[in-house]
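Here is the structure we will look at.
The values are calculated or read from the model by the stated rules, or taken from the named source; none is laboratory data. Source: prediction; values computed, not measured. For neighbour counting, all protein chains shown are included, and Cβ atoms are generated from backbone atoms with ideal geometry for every residue, glycine included. These area figures cover heavy atoms from the full protein model, side chains too; ligands, DNA and RNA do not enter into them. Shrake-Rupley method; radii C 1.70, N 1.55, O 1.52, S 1.80 Å.
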Amino acid sequence: MQKYDWEENIKVNIVTLKILGLWPKGTYRLGPYMVHMIILVTLFLLAHIFSQTVNIYFIRTDLAAITGTVYVLLVEVLVVFKVYYFVTNMGMLKQLLKDLETDMFQPKNSVQIGEIETSIWFWKIIYKAFLYMCIGTNMFWAAYPLLDKSTSGKRLPFLAWYPFDTTKSPAYEITYIYQIASVGFITTVHVNIDALVAALNVFSGNQFDILCDNLRNLHKLGASVFDNFVYCVEHHQAVLSYIDKSNKFLNWILLVQFFVSAFSIGITMFQLTLVVPMSNEFYTLFSYGVAITVQIFMYCWFGNEVEIKIKMDKYDWESNIKMNILTLRLLGLWPKGDDYTRGPYLTYMIFLVAFFMITHLFSQTLNMYYQRNNLQVLTGTVYVLLVEMVCVFKVYYLVTNMDMLKQLLKDLKTDMFQPKNSVQIDAIQESIKFWKIIYNFYLYFCIGTDLFWVIYPLFELFGHSNRRLPFFAWYPFETKESPVFELTFLYQIASVVFFTTVHVNLDSLVAALNVFNASQFDILCDNLRNLHKLGENVAVSFVNCVKHHKVTLSYADKCNNFLNWILFIQFFVSAFCIGITMFQLSVVVPNSSEFYSLLVYGIAITLQIFMYCWFGNDVEVKSNNIPYAAFECDWTNFSESLKRDLIFFAMKAQRPVKLSALNLFYLSLDTFMKIMKTSWSYFALLNQVTSKK
């Protein structure tokens, strides 16, 4: 196995810093590269900060102007500190990267590489989010002075003093380009240094992933278990030493960063209260504030990961659904404790649900009363309205049964549910991998549906005098006049995005529960196949397998109790909505914007119900493997009593686990096909009624 190239993950950052003069071949020495670095830093960093700092003296009596400069200037001064610290400690940083190339820090198998890649994948998401927000901020800074009509004179992106008149051409244009180039340089330095620091924390956390896997497989790493244990102890000491070195490198950067970020976010929020809402300047400040927040979040998240992985000696089931839990938390649907308690978070949840769900649903429902004689409007509303009602029901059910769901996740942390070796972890990861594929498809089709709902009414505006909202709804005010039309349009889109996000993450969470449930049968099957290898006392190992089977059946029963009503409502509504969507497709113009909107929506609902059925069917299939796995072990040398017990266990395990909706229908691929047939029946009925009319 070739060495894992840790630097490959941060190659783009290193190349970018090399271009900016901040990554020499060795350490800095007198020569062309050092001159290159000094010129860039002096011209685009120090000179830009100097001109802004001098300007503060001339505007010292204007609080708004000072805060308008300070909130940017502080972050720029922070970059100067980072560059200085980076340059003077380049040797320490490069040594940290070299240490990762030693054999002690290398992953030993594909499971360990998979865990590393998962961490790197999430790091890339946060890094790209930070990068895009910074790019957006720079674009707003570049565009705002050009779009600002409030001042008659020429205005630069940043308040600064220069020893020449910047209001006349070509000095104005040159200074304008210089300021944008300077802030582009500063942003690029910020993004890549911060990403590099976060990556160091990711790599530190990965060492604990490697160590945990080695400890789980002590008996498989070589002939002598004792030697393997000694190696793990040495690895642990080396990792702690590495983290100590990393911390020494990051100490001052983190201290200054945290103070500056807190102050800058505060000033940015103050600035947001002074500008016109929804103006160009408002969006500039907003994107800047989000960028700083993502920046500090990136430091804290990956630093927290190191702490968690130091403590972790068990397989972390929740790490697979981390993004879903985080999203639900942002939506007010995942409290810190086991249940909701009175406080700000409960108020936050009630506000979001009432504003984006209940109000939107009420306006659509009321509109159906006024349009009760119009079949086309009714069908154009019902196919969306029913899915939104299901979402409200899911939110209510989730909130009232939050303790049950969190207990299901807690149960997975017990020793009984833990994988025992890399083979079992591989089986789990294989299931999780397929779950992620289906989840991503579902997510992208939902995003596509939302985009079409946004685009379709805009396309329809061309050549038409009547303005149309994305959804039929009644409001106690005239929605065709500006700015009411634009605000209502944005509100409807925000509401449907809220609905979609809730749907996607709740459905994915339910599907993940079924994946975890099915994975327990994979673990049990592997333990049964290797009964003769699990320890000297085969009888004790068999008893543990029987206990595991009982708690797994109990866990499946708890999952089913949690899912009962969700599945029952979801299946009926999905069948009806797919049928109406097919009917709507038959009455709109083929290949039009509305046609594609309906098509993507129909696929999204189909994927939604498929996800439930597939992973529910997976539980049944994998539980059906238990009797076969029991006789795949080397049972011929077992005692007569153990053979009888094994036969009895196999007979009892012949009945597979079937998840159902109130015991009316099962989660299976056969049920999925029945739902599709029922949808076709609804479509045929509606089509027949319309044809007769």
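Annotations for the structure displayed:
- Against the test of being under 20 Å from VAL202 (Cα atoms), out of contact with any Gly (no Cβ under 7 Å at 6 or more places or on another chain), open to solvent by less than 70 Å² (accessible area, probe 1.4 Å) and of a type in the set (Gly, Ala, Ser), the options ALA129, ALA65 yield a single qualifying residue, ALA129.
- From the list PHE572, PHE576, PHE615, the one residue that fits, being open to solvent by less than 60 Å² (accessible area, probe 1.4 Å), of a type outside the set (Asp, Glu) and assigned to a helix (DSSP H, G or I), is PHE615.
- Selection status of LEU490, without any contact (Cβ under 8 Å) to a residue 24 or more places away in the chain, surrounded by fewer than 23 Cβ atoms within 10 Å (Cβ to Cβ), over 30 Å from PHE648 (Cβ atoms) and within 28 Å of the chain's Cα centre (by Cα): yes
- Selection status of LEU43, exposed (fewer than 15 other Cβ atoms within 10 Å of the Cβ) and farther than 30 Å from MET104 by Cα: yes
- Filtered residues of region 542-569 (kept if closer than 14 Å to VAL510 by Cα and among the basic types (Lys, Arg)): LYS558
- Residue match in region 118-140 (condition: modelled with pLDDT of 80 or more, on the phi < 0 side of the Ramachandran plot, charged (D, E, K, R) and not in a loop (DSSP other than H, G, I, E, B)): yes
- For region 311-326, a residue qualifies if it is at pLDDT below 75 and surrounded by fewer than 14 Cβ atoms within 10 Å (Cβ to Cβ), and the qualifying residues are LYS311, ASP313.
- Residues satisfying the stated conditions in region 417-433, i.e. open to solvent by 60 Å² or more (accessible area, probe 1.4 Å), in contact (Cβ under 8 Å) with a residue 40 or more places away in the chain and in a helix (DSSP H, G or I): VAL423, ASP426, GLN429
- Pairs with Cβ under 8 Å, 6+ apart, first in region 371-389 and on the phi > 0 side of the Ramachandran plot and modelled with pLDDT under 75, second assigned to a loop (DSSP other than H, G, I, E, B) and open to solvent by 60 Å² or more (accessible area, probe 1.4 Å): none
- Among the criteria (1) within 30 Å of LYS394 (Cβ to Cβ); (2) assigned to a helix (DSSP H, G or I); (3) modelled with pLDDT under 85, the one ASN663 does not fulfil is (2).
- Leading residue by the ranking (least open to solvent (accessible area, probe 1.4 Å)) among those in region 535-555 that are out of contact with any Leu (no Cβ under 7 Å at 6 or more places or on another chain) and touching a residue at least 60 places away in the same chain (Cβ under 8 Å): TYR555
Matching residues to (1) among the aliphatic types (A, V, I, L, M); (2) open to solvent by less than 20 Å² (accessible area, probe 1.4 Å); (3) over 30 Å from ASN304 (Cβ atoms):
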| residue | (1), (2), (3) |
| --- | --- |
| LEU146 | yes, no, yes |
| GLU173 | no, no, yes |
| ILE177 | yes, no, yes |
| ASN192 | no, yes, no |
| VAL197 | yes, yes, no |
| ASN206 | no, yes, no |
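- Summed over region 556-568, residues that are farther than 12 Å from LEU408 by Cα and open to solvent by 50 Å² or more (accessible area, probe 1.4 Å) total 1.
- Among (1) open to solvent by 70 Å² or more (accessible area, probe 1.4 Å); (2) at pLDDT below 90; (3) within 25 Å of LEU567 (Cα to Cα); (4) of a type in the set (Ser, Thr, Tyr) - the single one TYR396 does not satisfy: (2)
- So LYS82, is it closer than 30 Å to GLN207 by Cβ and open to solvent by 20 Å² or more (accessible area, probe 1.4 Å): no
- Neighbours by Cβ (under 7 Å, 6+ apart or cross-chain): first from region 257-275, over 19 Å from PHE297 (Cβ atoms); second part of a helix (DSSP H, G or I) and of a type in the set (Val, Ile, Thr): PHE270/THR67; GLN271/THR67
- Residue within region 340-356 that is open to solvent by 60 Å² or more (accessible area, probe 1.4 Å), β-branched (Val, Ile, Thr) and not in a helix (DSSP H, G or I) present: yes
- Members of region 635-657 found to be closer than 11 Å to VAL538 by Cα and in a loop (DSSP other than H, G, I, E, B), listed by number: PHE638, SER639
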